[in-house]
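Student: One structure, as structure tokens, below. Some questions next.
The values are calculated or read from the model by the stated rules, or taken from the named source; none is laboratory data. Keep in mind that what you see is a predicted model, and the values were worked out from it rather than measured. Cβ atoms come from the backbone with ideal geometry, glycine included; neighbour counts cover every protein chain shown.
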Amino acid sequence: MPNPEQEATGHYAILFDADGDDRRLELDDLAGLQLADSQLLWVDLRAPGADMLDKIWQAFELPERSRKAIEKDATRPALGKNGEVFWVRVAALAGNPPDDDAVTRKDMRVRPKGLVLAIIAGKRFVLTIHDEPVEYLDEQRNREDVDSHVGAMSAESFTAALLDWQLSTYFDAVADFELDIERLEVGILSDRRLDCLPQLRQLRKGASRLRRMLAPHRVVFDGMSRPDFRPTEGEDADRHFEKLDIHFERAMDVVENARELVVGSFELFSSQTALQTNKSMAVLTFATVVLGLLAVLAGVLGMNFDAAFFDTRTTGFMVAAGAMSLLGIIALVIGRLKHWF
């Protein structure tokens, strides 16, 4: 049974067996553990202290150079190796908060939060270290808890799987991002007058942040796909790393497309704004023409010459005012029928 103290701190050690006989281990049992070729050990540490790290490094006989993967305040993706041990540092995206926290969820979409994950792998073991909970690692641990046959995988293949799930967090983030864009565009195309510039500005920042977080991973995935990275591990490892690099390029394309979606939404907003302006100008132009006609009629009636009509006094005034009103009403009806406003 796992140590309750380790469960509370989020530390896990799972020994996968190719026959499906998976079991939990206590961290104190790792020292001197002999791993068979049909086994794979995964140790997941959440915010470990210096003493625990020293104990793990000693248990796995890890080279001191691999400490670079967990350097303090280091967030930029990195890749390194030393003999049979290699390490990577990547940034995964935090999952969305619960649905009842809509404001926070929206902020997460426009300001995605990165979680630094370090992976150190050697012969038949994989070590993952992170300061905050990583949702997809928890899902993977629960899914692989019983009869998973993960022990048949190599450490390279399991690391590739973990990194593939890490890339999936960017695909999920872009899917949420596209949902926000779609809702915004529906609002832009509605009859309501919306001030969408603040949302567009936030979405543009979010898209740029996604790209800034993902693009530096090129050094990791390109480096792992090179033939000289793990030349002694056979074609399986090379194939997995090459597919991982292709998946990374797809993720970059999706993130780039997210930026283009924001630009397209801004153009749609500009077009709708111009259309609304044109409608307003059409109304003003029509009103100007109608008032101009009435002004011409009033000017004619104000000319200084003797005419029998001007002797009608009040009656003539009422007739002139009625004619001008009737002219205005006729103009409004014609304008409405012609869809001029």
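Student: Of all residues in the stretch 46-77, how many are assigned to a helix (DSSP H, G or I) and small (Gly, Ala, Ser)?
Tutor: Qualifying residue count for the region: 4.
Student: Is it the case that ASP172 is modelled with pLDDT of 75 or more and either among the aromatic types (Phe, Trp, Tyr) or more than 26 Å from LEU35 (Cα to Cα) (or both)?
Tutor: yes
Student: Any residue at all in the stretch 39-53 that is farther than 20 Å from ARG124 by Cβ, buried (at least 19 other Cβ atoms within 10 Å of the Cβ) and modelled with pLDDT of 85 or more?
Tutor: Yes, some residue in the stretch 39-53 is farther than 20 Å from ARG124 by Cβ, buried (at least 19 other Cβ atoms within 10 Å of the Cβ) and modelled with pLDDT of 85 or more.
Student: Output the residues belonging to the stretch 79-92 that are part of a strand (DSSP E or B), more than 22 Å from the chain's Cα centre (by Cα) and not polar (S, T, N, Q).
Tutor: Result: LEU79, GLY80, LYS81, VAL85, PHE86, TRP87, VAL88.
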